[in-house]
1. With a ≥ b ≥ c the root eigenvalues of the C-alpha gyration tensor of the chain, is it rounded (a/c under 1.5), prolate (a/b larger than b/c) or oblate?
2. Roll a 1.4 Å probe over the protein chains and send me the accessible area per residue for the chain in Å².
3. In whole angstrom, how far apart do the alpha carbon centroids of the range 371-390 and the range 270-327 sit?
4. Just report the Cα centroid separation between the range 12-63 and the range 329-351, whole Å.
5. With no other cysteine's Cβ closer than 4.7 Å, which Cys residues of the chain count as lacking a disulfide-compatible partner?
6. Add -39500 (n - 2.57) for each DSSP H run of 4 or more in the chain, then divide by its residues: what number comes out at 222 nm, to the nearest 500 deg cm²/dmol?
7. Name the long-range amide H neighbours of VAL184: under 5 Å, sequence gap of 5 or more, or other chain; modelled H, no Pro or chain starts.
8. On a 20 Å Cα-Cα criterion, which of the cross-link pairs LYS151/LYS221; LYS296/LYS331; LYS46/LYS222; LYS234/LYS350; LYS159/LYS399; LYS350/LYS399 come out too long?
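The values are calculated or read from the model by the stated rules, or taken from the named source; none is laboratory data. As the structure is a computational prediction, the values presented were derived from the model and not from experiment. No Cβ is skipped: glycine too gets one built from the backbone with ideal geometry, and neighbour counts run over all protein chains shown. These area figures cover heavy atoms from the full protein model, side chains too; ligands, DNA and RNA do not enter into them. Shrake-Rupley method; radii C 1.70, N 1.55, O 1.52, S 1.80 Å.
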Amino acid sequence: MMKYRLICKQCGTDNRQFPQWFAQNQQCYGCGSKHAEAVYEADYSKLTALYQENPDSFWLYFDYLPVENRENIISCHEGAIPIEEWDFFEKIAMEQYGINCKAMVYRNDKNGGTNTFKDVAASLAATVFKENGVSEFCVASTGNTATAYSKYLALEGVKITVFVPKDITEDSINEIRSFGQNVVPVDGNYADAKKMAMEFHEKSKVLISAGNIDPIRVEAKKTMVFEFMRQLGKMPDVYIQAVSGGTGPIAIDKGVREINPTFPDVVLPRMLLIQQDLCDPMVQAWENAVANNFPKGYEKEYPVIDNPPTEVSILSTGNPGMYPVIAPIVKKTGGTFLRVKETDLVNMAKRVYQERKVYLGPASIVCLLGFFEALEKRQIKDGETVLINVGEGADRAMKFKAKI
Ligand SMILES: Cc1ncc(COP(=O)(O)O)c(C=O)c1O
Ligand SMILES: [Zn+2]
């Protein structure tokens, strides 16, 4: 019996496991699609007992991850991070908006690898590569994935070449090099870096990260759903995240679909996805869809911002290729996309530092500003529990940190 199988999302072909998937150049052998989803032979009722544990990583959920042998696990204590209640957020919600809500902050900056919510994916990737004898990999990244993969793959002796846009911070480049990995700064933006990575993948036959639908990334991040259940005892009513590519919402959707048949109470939270005004193609697309009452095919209509002038390099996806996948997920949850002002970042970061003595990176602050924008737009209701997914610490954004 196989623990898991990779099933094509387009045509339903069973692509077996990672050895076959990698040998097929990460494509379905039925239809060529790159979108496969892991399906498990697993007893989900065992999750209830796991929720009683006090894990030191997301590997608590080994039975529901695409790895056969525990001995292959590469971990730096990621993914079992605290969810904190931030009462100063709740106070503002009450005093300024008359809303009585719970503000629960998911502290990805406390991940043991590189202090970002990319650590779980990097841990799973390193583990899958160890199990399947992969020795080389490549990825295009705006910084956090690049750093996390560089560190975790180095632990397993896997070489990675990362293609990064030229506006990525010096701190990130130095950190990637410190792990002995190969970083290629591309003279262009994130879209150009992706193109270069794809060329390298095709020419050198090196495996590549398949973007936001990559089964490794999705499987790692779906464990968020398990963690919400373990720590909150229920799903939040609202989920807020800064969105760039969209792995987060795709993974939460997958996690809920996976366990809902066993736990019918586990349903999707209303998703509020946040972008900053200097790179907001998904917000623009959504506003347009709302204005036109969601015409048929609305999800295929989105703008491409060629050179987004944003300074939040982590959130600089000007070409939101995943919008057609993400918009329907947001719509079915009754959620929305919201825009915040990049000029408000530093003040919010200062405020957070004063209240909690924690330095957060700019992408995290975009998410936190989203909480207030949601209140302003009446998107949070009385009595709701709001999960705010804070994605990163400030250590790779020293210039930003200096302003806090
Ligand atoms: C800190 C942080 N927040 C948000 C995002 C957006 O992630 P996604 O849109 O892939 O869910 C990223 C991705 O790089 C990130 O590093
Ligand atoms: Zn297929």
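1. Details: a/c = 1.36, a/b = 1.20, b/c = 1.13.
Rounded shape, in that the Cα axes give a/c under 1.5.
2. Numbers: 16330 Å² over 404 residues.
Here the per-residue accessible area is 40 Å².
3. Between the Cα centres of the range 371-390 and the range 270-327 lies a distance of 20 Å.
4. 31
5. Cys with no partner Cβ under 4.7 Å: CYS76, CYS101, CYS138, CYS279, CYS367.
6. On the way: 15 runs with 155 residues, N = 404.
The per-residue figure over the chain is -11500 deg cm²/dmol.
7. The list, which skips near neighbours in sequence, is VAL162, PHE163, VAL164.
8. Details: LYS151/LYS221 18 Å; LYS296/LYS331 13 Å; LYS46/LYS222 17 Å; LYS234/LYS350 32 Å; LYS159/LYS399 29 Å; LYS350/LYS399 14 Å.
Pairs exceeding 20 Å: LYS234/LYS350; LYS159/LYS399.
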